[in-house]
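We did not get these values from a lab; they are worked out from the coordinates using the rules stated. Computed from a prediction, not measured in an experiment: that's the story for all the values here. Because the Cβ atoms are built from the backbone with ideal geometry, glycine has one as well, and the counts that use them run over all protein chains shown.
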Amino acid sequence: MKTIEELNAIREKAKATMTVREDNVDVIRVVVGMATCGIAAGARPVLNGFMEEVARRKLGNIVVSQTGCIGMCQYEPIVEVIEKDKEKVTYVRMTADRVARVVSDHLVNNNVVTEFTVGAIAK
Amino acid sequence: MYRSHVLVCGGTGCTSSNSEEIITTLEEQLVEKGLADEIKVIRTGCFGLCAIGPIMIVYPEGSFYSEVKVDDIPEIVEEHLLKGRIVKRLLYDETVETDTIKSLNETAFYKKQKRVALRNCGVINPESIEEYIALDGYQALAKCLTGLKPAEVIQIVKDSGLRGRGGGGFPTGLKWEFTAKTEADQKYVVCNADEGDPGAFMDRSVLEGDPHCIVESMTICGYAVGATEGYVYVRAEYPIAVNRLEVAIKQAKEQGLLGKNIFGSGFDFDLHIRLGAGAFVCGEETALMTSIEGNRGEPRPRPPYPAVKGLFGKPTTENNVETFANIPQIILHGAESFAAMGTEKSKGTKVFALGGNIKNTGLVEIPMGTTLREIVEEIGGGIPNGHKFKAAQTGGPSGGCIPNHLIDTPIDYDNLTAIGCMMGSGGLIVMDDTNCMVDIARFFLDFTVDESCGKCAPCRIGTKRMLEMLDKITHGTAELEDLEKLEELALYVKENSLCGLGQTAPNPVLSTMKFFKDEYIAHVVDKKCPAGVCKALLNYYIDPKKCIGCTLCARACPVDAIAGVPKGLHVIDTKKCIKCGACMDACKKVKAVSKV
């Protein structure tokens with residue numbers, strides 16, 4: 001190793017893989033319902049889709065995680081986006097195809113994709 | 001990209017309670033469920049809470065599982081990792097409140113801790129240089145080599161107030177300066193990882209959990225004092241630590257962080273490992289160097305000090321593992337931030353290995369000046385089974401005990417020395433009313449008699465004679481004048497031994513005699529052991545009023561010393577009795593057997 005720049009490059013690259021372990025309250029949490037109902041309705045491709053999209057766009061402040069049954073099994077797969085000091089957004093009947101739009105519109109540009117949310121469906 | 005990281009403790013404590021098999025099973029299950037690309041398993045160093053190991057943390061939730069068994073793995077994979085339902089029954093009970101789950105740092109064990117030397121233990125994968133670098137690893141080295149002169153590095157260490165964590169408490173910066181000022185064609189840096197105190201394992205944990213910080217720190221030291229070669233002297237009984245250090249050195253060499261022209265500064269540094277065969281005396285710096293040179297591990301007189309004439313006759317700086325572990329943080333965050341922690345003359349933090357009769361046995365790192373009460377009652381969780389705190393032994397066989405009436409003493413180098421104790425390397429053994437202080441002193445002296453290298457007479461003969469006197473006391477054959485002789489001899493050995501081993505060996509005796517004289521007198525005058533430990537001074541007795549003649553005790557007795565017919569009174573023949581206590585254990589319900 002000859003320069004600090006080389007060291008810093010390794011640091012930044014390695015750091016990005018470790019965000020999941022931080023006790024950071026500022027991260028945006030994307031939580032996919034992965035109980036039996038969610039898995040049966042196709043939650044796994046949705047979860048994988050989020051992980052791939054977040055990795056592809058190198059979004060360091062996002063944690064993709066899973067949770068149990070939220071209680072609205074007819075609307076599965078359900079995805080919640082939880083951000084500090086903001087109201088929780090609940091997306092329902094998610095598919096792998098819808099993931100890219102949620103990531104680009106909501107997670108990157110901060111525009112909630114209203115038509116996918118529970119509010120739009122339950123009306 | 002992994003959505004979840006599972007950290008499993010791979011320290012020696014958890015490894016011996018089967019964490020390796022847990023990791024293998026976990027990896028197999030993840031492959032089976034098709035989760036291997038989503039979930040990463042990381043083997044870390046010690047978390048500190050060894051009492052409840054094997055330990056596992058699942059991120060991003062931060063769920064802290066304790067006492068995990070191989071059989072629990074399918075449930076963790078199926079429920080938590082697949083479905084996201086935390087397996088509550090395995091959570092560390094301190095993190096669970098009625099309906100919420102607390103962060104680990106909020107629990108009593110971690111709340112008062114301040115982790116500097118242990119900052120990466122249980123946090124990173126010790127076999128990954130990338131993870132070390134991600135948490136600012138090697139930044140301190142870069143800062144030194146590219147922006148600071150050697151004298152400036154030494155000044156920072158001096159200003160920080162860091163003192164040797166191996167026991168003596170000599171100012172580290174001063175030690176470095178002595179070596180730096182000596183002119184020589186070759187100088188050395190030595191890391192003392194020959195941790196020998198019974199019950200102390202902080203150096204092992206640092207090497208196991210964060211080996212790169214020792215590599216980085218020794219390189220910084222080499223730059224500061226003008227040495228181009230370093231040796232780590234580590235005991236062969238620490239195979240995991242040795243292995244991880246080897247991996248770390250190899251990775252550092254591959255990255256050019258060890259070797260020639262590091263950071264283009266023109267500075268070269270190389271590191272070697274030397275395995276010790278486990279002699280206690282080799283933890284003494286001159287004996288350690290003699291051992292590295294390939295000779296029998298015996299101390300040599302000082303002066304000349306190692307800073308002038310050390311390893312292979314060349315100027316040498318020697319520090320222990322924990323001391324080195326503090327260096328990168330001091331360089332990175334400045335001397336002031338380190339000096340802000342601790343007391344006036346003892347700066348920073350100290351790692352203690354909590355052991356003995358205490359609930360949370362394990363490794364704790366606390367700011368200097370924390371009181372023993374806080375360590376025992378809050379961090380340690382108190383004494384189990386309703387017993388009462390009696391004393392705590394610091395410094396292992398070189399230290400002394402802190403009795404109950406001094407439990408509020410803020411712990412630092414000078415306060416401990418003032419009460420006849422010693423910081424030592426940081427073993428902290430808690431004793432309650434079931435421990436006999438004479439027996440404790442005898443135990444430690446037995447250890448030093450075994451470990452005395454035999455080079456000087458005061459230590460070789462003196463400690464042996466002291467042990468014989470203690471044997472007399474615990475057997476009830478001593479007279480009062482033996483106590484005077486014991487004290488006189490103890491002071492003589494302390495004054496006249498060649499090295500630290502002999503000079504400190506009498507400490508456990510002197511300190512227990514100072515604080516627990518009454519227990520010594522009870523052994524000598526009344527021929528009684530108040531705690532009921534010394535076998536020669538106690539007898540087992542069956543209370544005729546309580547005995548129901550169930551025959552359990554007679555059947556448990558291995559030497560047929562108990563006579564009695566069913567439903568009739570049982571009596572112990574004290575001549576035959578070997579005092580094993582089996583009858584007392586057998587009579588748990590009726591409690592007719594007692595020690596007198």
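Work out, step by step, the length gained on full extension between residue B:588 and residue B:78: first 0.36 nm times the residue separation, then minus their alpha carbon distance; give nm to one decimal.
Full extension of this stretch gives 179.3 nm more.
From the phi angles alone, apply the Karplus equation (6.51, -1.76, 1.60; θ = phi - 60°) to region B:579-588 and give each ³J(HN,Hα) in whole Hz, x where the residue is Gly or Pro.
So the Karplus estimates, Gly and Pro as x, are 6, 7, x, 5, 5, 5, 5, 5, 9, 5 Hz.
Any aspartates and glutamates with Cα under 17 Å of the residue B:69 Cα? List them, leaving off those in the same chain fewer than 8 positions away.
Candidates past the 8-residue exclusion: B:20, B:21, B:27, B:28, B:78, B:79, B:93.
Simple spin-label model, 7 Å along Cα-to-Cβ: residue B:149 to residue B:261 in nm?
In this crude label model, residue B:149 to residue B:261 measures out at 2.5 nm.
Taking chain A as a whole, which cysteines find no other cysteine Cβ under 4.7 angstrom from their Cβ?
A:69 - these cysteines have no disulfide-compatible partner (Cβ-Cβ under 4.7 Å) in chain A.
Cross-link partners among lysines for residue B:143, C-alpha distance below 19 Å, same-chain residues fewer than 8 apart left out?
Partners within reach: A:2, B:158, B:253, B:260.
Using 0.36 nm per residue, how much length does the chain from residue B:580 to residue B:446 gain when fully extended, once their Cα-Cα distance is taken away?
The span from residue B:580 to residue B:446 would gain 46.1 nm if fully extended.
Among B:567/B:589; B:494/B:579; B:567/B:588; B:40/B:83; B:359/B:527, which pairs are too far apart, with a Cα-Cα distance over 26 Å?
B:494/B:579; B:359/B:527
Expressed as a rounded percentage, what relative contact order does region B:407-474 have, with Cα pairs under 8 Å and six or more residues apart?
24 percent.
Packing-wise, with mean Cβ within 10 Å as the measure, how do A:100-108, B:357-365 rank, highest first? Show your work: numbers first, answer last.
Numbers: A:100-108: 17.4, B:357-365: 23.4.
So the order, starting with the most tightly packed, is B:357-365, A:100-108.
Using the beta-carbon distance between residue B:112 and residue B:385 and R0 = 25 Å, what value does 1/(1 + (r/R0)^6) give for FRET efficiency, to the nearest 0.05?
Details: r = 24 Å, r/R0 = 0.95.
So, using R0 = 25 Å, E works out to roughly 0.55.
Please say if the protein assembly as shown is rounded, prolate or oblate, where rounded means a/c under 1.5 for a ≥ b ≥ c the square roots of the C-alpha gyration tensor eigenvalues, and otherwise the choice is prolate for a/b larger than b/c and oblate otherwise?
Oblate, since a/c reaches 1.5 and b/c is not below a/b.
Taking each residue in B:81-92, count the Cβ atoms of any other chain within 10 Å of its Cβ, then average. What number comes out?
3
Let's test the formula: R0 of 60 Å, r as the Cβ-Cβ distance of residue B:457 and residue A:12. What FRET efficiency results, to the nearest 0.05?
It comes to 0.45.
Using a 10 Å cut-off on Cβ to Cβ distances, tally the other chain neighbours for every residue of A:12-19 and report the average as a whole number.
Other-chain Cβ atoms within 10 Å of each residue's Cβ, averaged: 6.
Averaged across the residues of B:132-144, what count of C-beta atoms belonging to other chains lies within 10 Å of each residue's C-beta? List each step's numbers first, then the result.
On the way: counts 3, 9, 10, 4, 3, 4, 5, 4, 0, 3, 7, 1, 0.
Rounded to a whole number, the mean comes out at 4.
For the ranges A:70-81, B:565-576, what's the packing order if you count other beta-carbon atoms within 10 Å of each residue, average per peptide, and put the highest first? Present the calculation step by step, with values, prior to reporting the outcome.
Values: A:70-81: 19.5, B:565-576: 13.1.
Ranking, from highest mean packing down: A:70-81, B:565-576.
If I model a spin label at residue B:484 and residue B:417 as a point 7 Å from the Cα along the Cα→Cβ vector, what separation in nanometres do I get?
3.2 nm
³J(HN,Hα) across region B:121-135 via Karplus (A = 6.51, B = -1.76, C = 1.60, θ = phi - 60°), whole Hz, x for Gly/Pro?
Result, rounded to whole Hz: 6, x, 10, 10, 7, x, 9, 10, 5, 5, 5, 5, 5, 4, 9.
How long is the gain from residue B:24 to residue B:250 if the chain were fully straight, where each residue apart is worth 0.36 nm and the alpha carbon distance is subtracted?
Working: separation 226, 0.36 × 226 = 81.36 nm, distance 2.49 nm.
The span from residue B:24 to residue B:250 would gain 78.9 nm if fully extended.
Say R0 is 56 Å: what FRET efficiency, to the nearest 0.05, do residue B:295 and residue A:22 get from their beta-carbon distance?
Efficiency for this residue pair is about 0.70.
At 7 Å along the Cα-to-beta-carbon direction for both residue B:464 and residue B:340, put a label point, then send me their distance in nm to one decimal.
Using points 7 Å along Cα→Cβ, the separation is 5.6 nm.
Are there trypsin sites (Lys or Arg not before Pro) in region B:375-478 that DSSP marks as loop and that have at most 10 other Cβ atoms within 10 Å, and which are they?
B:388
Would you pull out the residues with amide H under 5 Å of residue A:69's amide H, same chain only if 5 or more places away, H placed 1.01 Å from N?
It is A:35, by chain and number.
Report the charge-dipole magnitude of region B:4-111 in Debye, nearest 20, computed about the Cα centre from +1 at each Lys and Arg Cβ and -1 at each Asp and Glu Cβ.
That gives region B:4-111 a dipole magnitude of about 280 debye.
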